[in-house]
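The next block holds one structure in the form of structure tokens; read it before the comments.
The values are calculated or read from the model by the stated rules, or taken from the named source; none is laboratory data. Being a predicted model, the structure only gives us computed values, none of them experimental. All Cβ positions, glycine included, derive from the backbone under ideal geometry; neighbour counts span all protein chains shown.
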Amino acid sequence: MLIKKPADIKPSEITPESVYRNRREFMKDSATMAVGAAAFGGAAATALAQNGDQLKASAPEALQRTPPAAWWKAKFDSVKPAPDSEPFFTGESLTPYRDVTRYNNFYEFGMDKSDPSSRSGEFKADPWSVEISGEVAKPGNYNLEDILRPMQLEERIYRLRCVEAWSMVIPWIGFPLADLIKQFEPTSKAKYAEFETLVDPATMPGVTSRFAIVDWPYREGLRIDEATHPLAFMAVGLYGSYLPAQNGAPMRLVVPWKYGFKSIKSIVRINFRETQPNTTWNDLQANEYGFYANVNPGVHHPRWRQDMERRLPQTLFSRQYIETRLFNGYADQVASLYQGMDLSANF
Ligand SMILES: Nc1nc2c(c(=O)[nH]1)N[C@H]1C(S)=C(S)[C@@H](COP(=O)(O)O)O[C@H]1N2
Ligand SMILES: [Mo]
């Protein structure tokens, strides 16, 4: 493994992406090194420490944040890196950290793309608990620590396609939603999972705004076979570190084959039920936003064509438009979930 010491790194080389790449190499190498650690002993330990220093020296502000708690840091020290192949790796350029964390939709903080990053300073992701209810053998209020304890964190690099026709490629950290759902032992009546976001008027300026259009809390839902599909992911981090508030700290859904609004942020409740739940955007405008919301270039939104997308980052001088793919490029994995369904009626 090639380790640059902090002194060898030019300031111009220090970007969140380079920090992330180093972290990624670090994660890969430490996975391999775990086996040889006993034999290499001191050398391996030194290498790890140096790499750790480098990470600290060059981390951008968000990556330097104090972990919410000590146990949280320990969890992040054993992240399994994404394999270099589909479907957990797209082969496309990553969207820079800056865009991922400054261009957001999170209406609880306001409706402008910059509101979630600029107006979430008071938001607290720790302590956090999630209420589990409905058709499960083990309902209750679970601390985030208890939820994460049995989970092996892993990295996944997914495309994120917003219904507004822009998209990003984001390196998430988290665990399969299926692993979480299993813990609560859903009953045979659990046909759908319903999710809710925190509503905290004290720290979320968007929820008290007189311009707010959402009937809080923000709600989303998945059919249980979608929720337990191996691609459905619960994210607790991105770019090698904790989730910033604007991206849905401390825990948010990532459903890469569906429009971004299904990927609900800052989850405080998961309810299992027999009937299809109401969902925020479908309630607001049923002719524009369906329950399924699968990315589909053949079914247009009344206000946005869906066969093309603007891939971020963009500058004033260059906008990159690419073709949108069915199920956001994940058709091989998920098309079978919708066999026999009319996708234009169930949009
Ligand atoms: N609670 C909540 N979750 C939400 C939203 C929101 O406004 N509130 N916006 C959704 C939309 S429209 C998109 S595109 C994604 C954006 O996620 P990102 O900001 O992490 O890229 O979050 C989704 N999750
Ligand atoms: Mo979106």
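Among the residues of the stretch 142-183 satisfying the criterion of being touching a helix residue (DSSP H, G or I) at 6+ places or on another chain (Cβ under 6 Å) and among the basic types (K, R), which is nearest to ligand 1 (Cβ to nearest atom)? Among those that are touching a helix residue (DSSP H, G or I) at 6+ places or on another chain (Cβ under 6 Å) and among the basic types (K, R), it is R161.
The set of residues in the stretch 319-330 being without any contact (Cβ under 8 Å) to a residue 60 or more places away in the chain and buried (at least 16 other Cβ atoms within 10 Å of the Cβ) consists of R325, L326. When we screen S209, S188 for residues that are in a loop (DSSP other than H, G, I, E, B) and loosely packed, with under 15 Cβ neighbours inside 10 Å, the only hit is S188.
Residues are listed down the side, and each one gets a yes or a no for (1) touching a Pro at 6+ places or on another chain (Cβ under 6 Å); (2) away from ligand 1 (no atom under 15 Å from the Cβ):
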| site | (1), (2) |
| --- | --- |
| E185 | no, yes |
| I213 | no, no |
| V254 | no, no |
| I264 | no, no |
| F272 | yes, yes |
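Scan the stretch 257-282 and report the pairs whose first residue is farther than 22 Å from K189 by Cβ and of a type in the set (A, V, I, L, M) and whose second residue is within 16 Å of ligand 2 (Cβ to nearest atom) and part of a loop (DSSP other than H, G, I, E, B), with Cβ atoms within less than 7 Å and a gap of 6+ or a chain change. The qualifying pairs are I264/Y218.
Kindly provide the set of residues from the stretch 237-263 that are polar (S, T, N, Q) and within 18 Å of T197 (Cα to Cα), ordered by number. Walk me through how you get there before you give the answer.
Restricting attention to the stretch 237-263, the residues satisfying the condition of being polar (S, T, N, Q) are 241, 246-247, 263.
Of everything in the stretch 237-263, those that are polar (S, T, N, Q) and within 18 Å of T197 (Cα to Cα) turn out to be Q246, N247, S263.
Selection of strands (runs of 3 or more DSSP E) fully inside the stretch 215-312 by the criterion of at least 1 residues being among the aliphatic types (A, V, I, L, M) and surrounded by 21 or more Cβ atoms within 10 Å (Cβ to Cβ) returns 219-223, 233-238, 252-254, 267-273. Between a residue in the stretch 109-126 that is over 12 Å from T203 (Cα atoms) and any residue that is of a type in the set (D, E, K, R) and within 16 Å of ligand 2 (Cβ to nearest atom), which pairs come within a Cβ distance under 7 Å, given they are 6 or more apart or on different chains? Going by the 7 Å Cβ cut-off, the qualifying pairs are S114/R102; S117/R102. Looking only at residues of the stretch 331-344 that are aliphatic (A, V, I, L, M) and under 22 Å from S85 (Cβ atoms), we find that the one that is surrounded by the most Cβ atoms within 10 Å (Cβ to Cβ) is V334.
Do you know which residues across the stretch 297-321 are over 18 Å from D99 (Cα atoms) and hydrophobic (A, V, I, L, M, F, W, C)? First the steps, then the outcome.
Within the stretch 297-321, the first condition is being over 18 Å from D99 (Cα atoms), and the residues that meet it are 297-308.
Within the stretch 297-321, V299, W304, M308 meet the criteria.
On the given criteria, is R119 touching a helix residue (DSSP H, G or I) at 6+ places or on another chain (Cβ under 8 Å), over 25 Å from A293 (Cβ atoms), away from ligand 2 (no atom under 16 Å from the Cβ) and at pLDDT 95 or above?
Values: touching a helix residue (DSSP H, G or I) at 6+ places or on another chain (Cβ under 8 Å): yes; over 25 Å from A293 (Cβ atoms): yes; away from ligand 2 (no atom under 16 Å from the Cβ): yes; at pLDDT 95 or above: yes.
When the stated conditions are applied, R119 passes them.
For the condition away from ligand 2 (no atom under 16 Å from the Cβ) and either more than 24 Å from Y107 (Cα to Cα) or touching a residue at least 40 places away in the same chain (Cβ under 8 Å) (or both), G240 qualifies.
I'd like the full set of residues that are small (G, A, S) and either at pLDDT below 95 or within 12 Å of ligand 1 (Cβ to nearest atom) (or both), limited to the stretch 287-318.
A293, S318, listed by residue number.
Does G248 meet the test of being more than 10 Å from ligand 1 (Cβ to nearest atom) and of a type in the set (G, A, S)?
Numbers: more than 10 Å from ligand 1 (Cβ to nearest atom): no; of a type in the set (G, A, S): yes.
Judged against the criteria, G248 is not a match.
So that you can scan it fast, the table gives a plain yes or no per residue for (1) part of a strand (DSSP E or B); (2) surrounded by 15 or more Cβ atoms within 10 Å (Cβ to Cβ); (3) under 16 Å from the mean Cα position of the chain (by Cα):
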{"residue": "A82", "(1), (2), (3)": "no, yes, yes"}
{"residue": "E92", "(1), (2), (3)": "no, no, no"}
{"residue": "V100", "(1), (2), (3)": "no, yes, yes"}
{"residue": "M111", "(1), (2), (3)": "no, yes, no"}
{"residue": "E155", "(1), (2), (3)": "yes, yes, yes"}
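Among the residues making up the stretch 154-169, those that are among the β-branched types (V, I, T) and either at pLDDT below 95 or away from ligand 2 (no atom under 13 Å from the Cβ) (or both) are I157, V169. Annotation note: Cβ proximity below 9 Å between a residue of the stretch 146-170 that is more than 13 Å from K75 (Cα to Cα) and of a type in the set (S, T, Y) and a residue that is away from ligand 1 (no atom under 14 Å from the Cβ) and assigned to a strand (DSSP E or B) (sequence gap 6+ or interchain) occurs for S167/I322. Go through the residues of the stretch 219-240 one by one and say whether even a single one is over 21 Å from the mean Cα position of the chain (by Cα) and β-branched (V, I, T). Checking the stretch 219-240: not a single residue is over 21 Å from the mean Cα position of the chain (by Cα) and β-branched (V, I, T).
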